[in-house]
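In what follows, a structure is listed as structure tokens, so that the remarks can point back to it.
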Amino acid sequence: EIHIKEPIEKEVNPHLLPGELLLCEASTVYKYMQEDGSNRGTYGKLVCTNFKISFLDDDSASDDNEPEFKNKIVGENDITLQCVDQIYGVYDEKKKLLTGQLRKYPERLIIYCKDLRVFNFCLRYTKEEEVKRIVSGIVHHSQTPKLLKRLFLFSYASAAPNNTDGRNQTVMFDTLEDWRDELERTKGNVKYKAVTTNEGYKVSEKLPLYFVVPICISEESILKYEGRGIPIWCWSCHNGAALLKMSAFPKEQDDSTSQMQKAFLDGICKTISKPPYELLKVDDLSSSLPSLQDIQTAYARFKQLFLIDNSTDFWATDVKWFSLLESTNWLEIIRRVLRKAVEVVECLERQHTNVLLIEETATDLCCVISSLVQVMMDSYSRTKSGFQSLIQKEWVVGGHSFLDRCNHLHKSEKEEAPVFLLLLNCVWQLVQQYPPAFEFTETYLTVLSDSLYVPVFSTFFFNSQHQRETSASGESLKTQSGPFRFLTVWDWSVQFDPKAQAFLNNPFYAEKPKPDKSQRKTARFKHQRQLSLPLTQAKPSTKRGFFREETDHLIKNILGRRIGKFINSSDEPPNNLREFYDSWHSKPVDYHGLLLPRIEGPEIRVWAQRYLRWIPEAQLHGGGTIAITAKILDLMEEVQSLQVKMDEEHSQAVSGDVHSVTMPRNSARLSSLFPFALLQRQSVKPALPTSTWKDLEDEDDLVRRDDEFLDLTGDM
């Protein structure tokens, strides 16, 4: 039985962005609602443009009942071409993956998205010619390899007016001054310098235009091997210890080349072994963390748990949910990455030791670990502008291959790996464990992950700064002269109006108090929280030997001769890490000081908002974090109104923060996954297992007691 909503009579046209072109369309397409076991849905028009796939029904034409959290670029029935994961056709109730040329066209189309939405379209009532055009168009434009310049990014940049918000406080790290300011902010300018050696990209196209190295490193050394084997600065700790990264030499080398590279590395190590660079801990991430292939495999299994298009599948997997979740290994990878970051933090904070991260290109796991370390140790990186500046520094300018890792061009699945998504998952663990420490919310992290697939912004659509600048210098399609002017994702006004942007800001953020002038001398070290354990008296005397041992490890590993994990390569016993970890967790949390994640057992959780937001069965209506937040915001507004009455002069300043998040006050009607799923219908499937439910059907008095059943499910 199909519950049919009458086909729309008025013509509904898609909302096209500047540079967006309509490629094909099909009328009388039936979209299933997928919220329960029935075939309820609505008729409409399915269109494909050079930017997105979109379903238009009569609701698309009206502005009534618009959600409070509305994306101005991608609507709830829009799928950007880069967001399409897989497309299946249904032939005689059998699903078949659709790729390339099609000989036969399906009666149903199922689109699985990278943001975990599932769209189910029935084409049975659509004209045959329109079915051929729309299915072929969608498969071709979303699944076949394409050239970089064919991305919608370039069409939009040519046609869109350049009227972006100039108030963006994110540091872009595309100038020498930005790097010098960061060195000064972290007090790293005593030992490190920003260099212009790569101007014109004469060193390497993979390296940023400007970067920071130890003061003692010469320009000749940087030029010799295209930047390989050079320790590049990431961040400096308050005690002077620094986090560095280095790209390794290729593994397959002949003996003479290998000897030359070894001599070069030995020279570099001797150079930075002089004061103040005596202590150095080397960590080869390719041997101490999962490979990119392992990460991709784990995530591919993990996301299948959430790509659910009907209630039956959900309840079938619910019985064995925990075993399925564990078998994916995704949460274990998150745990290992967080543990590695804690190890690095312990070296920097407790041992006052420089840490050098090594990876083949230093643009994947190096980015993850260095970003996490800074989020844990630097409270500035937990503000919205600070976190965005961190992503710019370590990922965008740092040379992470977004184009390849996200497979935006569909050229090679071998290069695909959710490395940036792994970082966001790890940061989310910290956000949900220490909410007052972050200026942004989990909703911010969720929309940031969604923005990976929106080719309106250049932020996540290039492999390097060189590729971005080379592409931007091309001829504009509109003016036939001048460079492209790409948008940055950090201008949130492009996607959200001010009311929606409020959901990205944390109303419970504990802002850092400004110290008195008399306390400024000690305030600099306040965020240590007095948790650094004292070094032993024998420690200084072992500096040279300790460094020499680590140098040998460095040379062997940088040349590809791996000798195992470095977790025990320090002269300190491994249980000191546990001592540091337990000591920190035994003290009260300073939200502007060091933060260490809880990583044992069930402390590592599934990012529910991102992965469960489209599954109605997984929602708590009137419950969850949002219900608690709504109640607390009620109290905050009451306090604010009292404060206004007491002090009219400060009313404007006080109201600014409290009204930063606006949400419906009837928390009973909110979903736990608000704002993405405001009023979803509940599943028609009973909460009790099917067999148990059937046993109870004969008990009329139990079946009629709806209220008691609802109380039972609430307790569950």
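When you check E107 against the structure, is it under 21 Å from Y43 (Cα atoms), among the charged types (D, E, K, R), crowded, with 18+ Cβ neighbours inside 10 Å and in contact with a strand residue (DSSP E or B) (Cβ under 7 Å, 6 or more places away or on another chain), yes or no?
For E107, the condition - under 21 Å from Y43 (Cα atoms), among the charged types (D, E, K, R), crowded, with 18+ Cβ neighbours inside 10 Å and in contact with a strand residue (DSSP E or B) (Cβ under 7 Å, 6 or more places away or on another chain) - is not met.
Could you run through segment 28-58 and say how many residues are assigned to a loop (DSSP other than H, G, I, E, B) and at pLDDT 95 or above? So that I can check it myself, show each step before the final result.
Of segment 28-58, the ones assigned to a loop (DSSP other than H, G, I, E, B) are 33-40, 50-51, 57.
Adding the requirement that they be at pLDDT 95 or above leaves 50-51.
The total comes to 2.
Does at least one position in segment 256-270 carry a residue that is in a strand (DSSP E or B) and either in the same structural domain as S370 (by the TED database) or surrounded by 22 or more Cβ atoms within 10 Å (Cβ to Cβ) (or both)? Outline the logic, then answer.
Filtering segment 256-270 down to residues in a strand (DSSP E or B) leaves none.
No - not one qualifying residue is present in segment 256-270.
Just give me the residues in segment 465-488 being over 20 Å from P161 (Cβ atoms), modelled with pLDDT of 90 or more and outside any helix (DSSP H, G or I), in sequence order.
Those that are over 20 Å from P161 (Cβ atoms), modelled with pLDDT of 90 or more and outside any helix (DSSP H, G or I): none in segment 465-488.
Is it true that some residue in segment 76-83 is modelled with pLDDT under 95 and out of contact with any strand residue (DSSP E or B) (no Cβ under 6 Å at 6 or more places or on another chain)?
Yes, the conditions are met somewhere in segment 76-83.
Take the residues in segment 223-245 that are touching a Lys or Arg at 6+ places or on another chain (Cβ under 8 Å) and open to solvent by less than 10 Å² (accessible area, probe 1.4 Å); name whichever of them is modelled with the lowest pLDDT.
Checking each candidate, the answer is G227.
I134: within 27 Å of D404 (Cβ to Cβ), open to solvent by less than 40 Å² (accessible area, probe 1.4 Å), over 24 Å from the mean Cα position of the chain (by Cα) and touching a residue at least 60 places away in the same chain (Cβ under 8 Å), yes or no? Step through it out loud before you land on a result.
On the way: within 27 Å of D404 (Cβ to Cβ): no; open to solvent by less than 40 Å² (accessible area, probe 1.4 Å): yes; over 24 Å from the mean Cα position of the chain (by Cα): yes; touching a residue at least 60 places away in the same chain (Cβ under 8 Å): yes.
Here the answer is no, as I134 does not meet what is asked.
Could you tell me which of the residues L422, L409 is open to solvent by 10 Å² or more (accessible area, probe 1.4 Å), among the hydrophobic types (A, V, I, L, M, F, W, C), in contact (Cβ under 8 Å) with a residue 60 or more places away in the chain and not in a strand (DSSP E or B)?
On the way: L422 fails: open to solvent by 10 Å² or more (accessible area, probe 1.4 Å).
Residue meeting the stated conditions: L409.
Can you find, within segment 611-648, the residue that is farthest from N506 (Cα to Cα) among those that are among the small types (G, A, S) and surrounded by 15 or more Cβ atoms within 10 Å (Cβ to Cβ)? Talk me through it step by step, then tell me what you get.
Initial filter on segment 611-648 (among the small types (G, A, S)): 618, 622-624, 627, 630, 641.
Pick out the ones that are also surrounded by 15 or more Cβ atoms within 10 Å (Cβ to Cβ) and you get 618, 622-624, 627, 630.
On the way: A618: 24, G622: 21, G623: 19, G624: 17, A627: 15, A630: 13 Å.
Top of the filtered list is A618.
Consider T361 against the criteria (1) open to solvent by 10 Å² or more (accessible area, probe 1.4 Å); (2) more than 30 Å from E205 (Cβ to Cβ); (3) touching a strand residue (DSSP E or B) at 6+ places or on another chain (Cβ under 6 Å): it satisfies all of them except one. Which criterion is unmet?
(2)
If only one of N506, N463 is buried (at least 21 other Cβ atoms within 10 Å of the Cβ) and on the phi < 0 side of the Ramachandran plot, which one is it? Give the derivation first.
Numbers: N463 fails: buried (at least 21 other Cβ atoms within 10 Å of the Cβ).
None of the other options fit; the residue is N506.
Given the criterion touching a residue at least 24 places away in the same chain (Cβ under 8 Å), buried (at least 24 other Cβ atoms within 10 Å of the Cβ), assigned by the TED database to the domain that holds E416 and over 23 Å from E226 (Cβ atoms), identify the matching residue among S385, S389, S371, S379. Explain how you work it out, then say what you get.
Working: S385 fails: buried (at least 24 other Cβ atoms within 10 Å of the Cβ); S389 fails: buried (at least 24 other Cβ atoms within 10 Å of the Cβ); S379 fails: buried (at least 24 other Cβ atoms within 10 Å of the Cβ).
Residue meeting the stated conditions: S371.
Residue check, A417 against (1) within 13 Å of the chain's Cα centre (by Cα); (2) under 30 Å from S583 (Cβ atoms); (3) small (G, A, S), all met but one. Which one?
Tallying (1) within 13 Å of the chain's Cα centre (by Cα); (2) under 30 Å from S583 (Cβ atoms); (3) small (G, A, S), A417 fails exactly one: (2).
Any residue at all in segment 78-87 that is free of Cβ contacts under 8 Å to residues at least 60 places away in the same chain, among the charged types (D, E, K, R), assigned to a loop (DSSP other than H, G, I, E, B) and open to solvent by 10 Å² or more (accessible area, probe 1.4 Å)?
No, the conditions are met nowhere in segment 78-87.
Restricting attention to segment 420-474, report how many residues are within 18 Å of L390 (Cβ to Cβ), over 15 Å from the mean Cα position of the chain (by Cα) and among the acidic types (D, E).
Residues that pass the stated criteria total 1.
The values are calculated or read from the model by the stated rules, or taken from the named source; none is laboratory data. This structure is a prediction, so every number in the text was calculated from the model and none was measured. Positions of Cβ are backbone-derived with ideal geometry, glycine not excepted, and every protein chain shown enters the neighbour counts. Note: areas computed on protein heavy atoms with side chains; ligands, DNA, RNA excluded. Shrake-Rupley method; radii C 1.70, N 1.55, O 1.52, S 1.80 Å.
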